[in-house]
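Below is one structure, written out as structure tokens, with a few remarks after it.
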Amino acid sequence: MLSVLFWSVWRRLYGEGLFKEYCNRTLQTLVAIIVLILQLAEWNWQAVLIALGVSVWVVIEYWSRAVGEIIDAGLNHTQTKKSYNRWFRVPLDCVYDLMGFKKYVGFYDFWYSLIRYGIGALPLFYYSWVAVFLIPFQYFIYLGCHKVYFRYPQLFGLPLTLNEPKNAAEIIHGALFGLIMGILK
């Protein structure tokens, strides 16, 4: 329960949350690395070194990579190649070209998100296969929050931390991450 609470609050703060003027990205990153080490490591030096490596990778690759416009879950139809400025766009574009699909719309965001979060979560498989549940759900979390918020526009009047679909999705995404981290060890 503490893991779910910590990671949901931390993710919202990391996503330009309420206290960004008091808590910079470097401090937030260090806190996340330390908490992950504490969650993953057993108390011998080899396990701590492995947990350090995994924690740094996960925080940098899973959390720190900008998602940019993919957080709209395919709802924006004006996106271009510039919107997806990561290397894994290139092989994904090749697959889309081979299959004759239109790029940067619809489920393109799903596949992009799958690759983006999958690469970030890979080292967690050292601890358990349960880490697989971190990979496919971000797209659906963001899509679900967008759909709920646009179906019920009164939700935009919620307090500052929940006034956008992105903000609610960040809290849910952090809670999912916290749940998986709690299950891993």
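The numbers here are math on the coordinates, done by the rules we state, and not lab data. Bear in mind the structure is a predicted one, so any value in this text is a computation, not a measurement. Neighbour counts are summed over all protein chains in view; Cβ atoms, including those assigned to glycine, are modelled from backbone coordinates with ideal geometry.
Pull up segment 134-185, narrow it to residues that are of a type in the set (D, E, K, R) and in a helix (DSSP H, G or I), then point me to the one that is farthest from residue 5 (Cα to Cα).
151
Considering only segment 142-171, state which residues are within 20 Å of residue 111 (Cα to Cα) and in contact (Cβ under 8 Å) with a residue 60 or more places away in the chain.
142, 143, 146, 166, 169, 170
Any residue that is buried (at least 20 other Cβ atoms within 10 Å of the Cβ) and over 17 Å from the mean Cα position of the chain (by Cα) - is there at least one of those in segment 139-149? Show your work before the answer.
Kept after step one, since they are buried (at least 20 other Cβ atoms within 10 Å of the Cβ), are these residues of segment 139-149: 139, 141-143, 145-146, 149.
Next, only the ones that are over 17 Å from the mean Cα position of the chain (by Cα) stay: 149.
Checked against the condition, which is being buried (at least 20 other Cβ atoms within 10 Å of the Cβ) and over 17 Å from the mean Cα position of the chain (by Cα), segment 139-149 yields at least one hit.
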